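Please read the structure below before turning to the comments.
The values are calculated or read from the model by the stated rules, or taken from the named source; none is laboratory data. Keep in mind that what you see is a predicted model, and the values were worked out from it rather than measured. Here Cβ is always computed from backbone atoms with ideal geometry, including for glycine, and neighbour counts include all displayed protein chains. For the accessible areas, the whole protein counts, side chains as well, though only heavy atoms, and no ligand, DNA or RNA atoms are used. Shrake-Rupley method; radii C 1.70, N 1.55, O 1.52, S 1.80 Å.
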Amino acid sequence: MTDHLDDRRDAHDSDVARDRARDRGLAPGHDCDLARDPDLDLLRAANPVSATAGPWRDRPLNAVAERGLNQLLHRTRARRARRRVVLWAEAAAVAFAAVLALTVPDLAAAPATAAVPGALHPRAGVASPTLDRLADRAEAAARDGGPRLRGGAHVQTWSLAMDEGPGAERPVTLPEEREVRWHPDGSRTERVKADGKLISERVFPPGRSDAPPRSRPPHTAAALRDYLTEVHDPGFPRRTTPATTREVLDALPSLLDTWTLGARESAALARLLADSGGLRPAGTVTDRLGRSGQAYVLDSRAEHLRYMLILDPDTGEPLGLEVMFTKDRPRFAVEAGDVMSYSAWRR
């Protein structure tokens, strides 16, 4: 993974990136972003044909080849996400810290508000509806109309940047706001902010991927489970067993960072989770954007983590997902109750 994080690109790679930017019609200011783009690193590493040999030189990939490359890209991201969750795999924590350090280059200049935030606490004594009942509400709301599925997303995240070792210092929290907007021609614009300041704005050309999470999500519970199973474990041969509830929660950010769910998709997700079992009602909670929602909790004892999913009480729309440590991890200076990551999705 460190190969993909190394930002010391040689002159040849920089020239290639600039040439590709010009070929795609991007503004001159975008070529540097492409040169440092980790996605471009993956494509370089995955290139099945030499750029200087063979009859396919400088020709576009066909649909089969592009699908394979996209699956490699999503598989790498999914594995990276799972490594962030399974912190007992020590190398994962180091990789996670490195990724965050690259996301916000001046980590030392991160505001001292970067203290580890406390977990959200559902209000005691306020009963939550079961997921089955909430799914009923969401299905009724979907029949009455409501918003439609929309490509693109608006998400705010808080994630830990951790040190590792006997002298590890307490981790800091790095906030990020990401907005993805798709355009009619299939291209997309991604804007990233940190502490209210614009970090990057990049334009990506149209792609032809038909693999989740780029493909349109379905609006039935069974089909959505298959979709999220492929998000969690992409590639061929396809997995034959459905994703567990924890795996669905692990895959959910990939979906919600790509699409803004409509009423039917939110209802399908609520029904999928109700049928899966494992999530228990925890009460009403106010999320980090000040919205009121219903909290549902899942304990993953093997990894000493607790997932808390926050849903709109009427529509089942996912509002947020918090992952919290349930055990001290001295090697990473992490304590039980620290929030490892939090995502808040907005319409």
ask   = Do the conditions hold for Ala274, that is, is it under 30 Å from Thr326 (Cβ atoms), aliphatic (A, V, I, L, M), modelled with pLDDT of 95 or more and open to solvent by less than 40 Å² (accessible area, probe 1.4 Å)?
value = yes
ask   = Out of Val231, Val203, Val192, which single residue is open to solvent by less than 20 Å² (accessible area, probe 1.4 Å) and more than 30 Å from Asp136 (Cβ to Cβ)?
value = Val192
query = How about the stretch 240-260: which of its residues are open to solvent by 10 Å² or more (accessible area, probe 1.4 Å) and in a loop (DSSP other than H, G, I, E, B)?
reply = Thr240, Thr241, Pro242, Thr244, Asp257, Thr258
inquiry  = So Trp345 passes all but one of these: (1) closer than 22 Å to Ala161 by Cα; (2) in contact with a helix residue (DSSP H, G or I) (Cβ under 9 Å, 6 or more places away or on another chain); (3) in a loop (DSSP other than H, G, I, E, B); (4) not hydroxyl-bearing (Ser, Thr, Tyr). Which condition number does it fail?
reply    = (3)
ask   = Given the structure, is Arg301 touching a Gly at 6+ places or on another chain (Cβ under 8 Å), on the phi < 0 side of the Ramachandran plot and not hydroxyl-bearing (Ser, Thr, Tyr)?
value = no
task = Evaluate the stretch 232-248: report whether one residue or more is among the acidic types (Asp, Glu) and farther than 30 Å from His183 by Cα.
result = yes
message = Can you go through Arg170, Arg178 and tell me which one is in a strand (DSSP E or B), closer than 29 Å to Gly118 by Cβ, open to solvent by 60 Å² or more (accessible area, probe 1.4 Å) and touching a residue at least 24 places away in the same chain (Cβ under 8 Å)?
response = Arg178
note = When Ala267 is run through (1) within 23 Å of Tyr342 (Cβ to Cβ); (2) in a helix (DSSP H, G or I), the failure sits at (1)
